[in-house]
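A quick write-up on the structure given underneath.
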Amino acid sequence: MLNRVPKNLSPELIKTLMEMGHGDEILLADANYPAVSNNKKIIRADGLMIPELLDSILKLMPLDSYSDYQAIFMQVVPGDQNVPNGAPPIWEKYRDSIGKSFKNYTVKQIERSAFYEYSHQCFAIVQTGEKALYGNLILRKGVVM
């Protein structure tokens, strides 16, 4: 046991965050994401929702201030009738969480098929129980000061 480590972060996830270097990326994947077929390193977090997990990760891991982006969303498929106004509500929760820790940040978007391909190069994928549409979020690790 350690003090001040959020209890929803598993030892495996903390170890992974510690092993990541500057510029490495980790995908917080929703429950529908095909994690196993897109990366070799999968961390199971089935009972956790991404907003709470994100808040806990950001207490320990800085985002990359040297990059032109700090996070990535999976772009909404054009014409998707399940997403009102073209922006999934979960994205606002992610922006709020990131904004609490990092005032100046940029989120880029990657087209759905390209996002799947991109996830092959992530350091790891955390498979969560998140059910929100387009709930996938990639974080780019920054420099620990």
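I'd like the full set of residues that are open to solvent by 90 Å² or more (accessible area, probe 1.4 Å) and either within 19 Å of Glu130 (Cα to Cα) or at pLDDT 95 or above (or both), limited to segment 84-99. Of everything in segment 84-99, those that are open to solvent by 90 Å² or more (accessible area, probe 1.4 Å) and either within 19 Å of Glu130 (Cα to Cα) or at pLDDT 95 or above (or both) turn out to be Pro89, Glu92, Lys93. Among the residues of segment 18-58, those identified as in a helix (DSSP H, G or I), in contact with a Phe, Trp or Tyr (Cβ under 9 Å, 6 or more places away or on another chain) and of a type in the set (A, V, I, L, M, F, W, C) are Ile50, Leu54, Leu58.
State all residues of segment 62-73 that are surrounded by fewer than 17 Cβ atoms within 10 Å (Cβ to Cβ) and either within 12 Å of the chain's Cα centre (by Cα) or free of Cβ contacts under 8 Å to residues at least 60 places away in the same chain (or both); if no residue qualifies, say none. Matches in segment 62-73: Asp68 only.
Tell me the residue from Ser97, Ser113 that is more than 22 Å from Met20 (Cα to Cα), over 11 Å from the mean Cα position of the chain (by Cα) and not in a loop (DSSP other than H, G, I, E, B), please. Don't jump to the end; show me each part of the working.
Details: Ser97 fails: more than 22 Å from Met20 (Cα to Cα).
Selected residue: Ser113, the only one of Ser97, Ser113 that is more than 22 Å from Met20 (Cα to Cα), over 11 Å from the mean Cα position of the chain (by Cα) and not in a loop (DSSP other than H, G, I, E, B).
Considered as a group, the residues in segment 116-142 that are among the charged types (D, E, K, R) and in a strand (DSSP E or B) include one that is nearest to Ala87 (Cα to Cα), and that residue is Arg140.
The lone criterion from (1) among the small types (Gly, Ala, Ser); (2) under 15 Å from the mean Cα position of the chain (by Cα); (3) over 16 Å from Lys131 (Cα atoms) left unmet by Ala31 is number (3).
The values are calculated or read from the model by the stated rules, or taken from the named source; none is laboratory data. The structure presented is a predicted model; accordingly, all values stated were derived computationally and were not measured. Backbone-built Cβ (ideal geometry, glycine too); neighbour counts: all protein chains shown. Please note that ligands, DNA and RNA were not included when accessible areas were found on the heavy atoms of the full protein model with its side chains. Shrake-Rupley method; radii C 1.70, N 1.55, O 1.52, S 1.80 Å.
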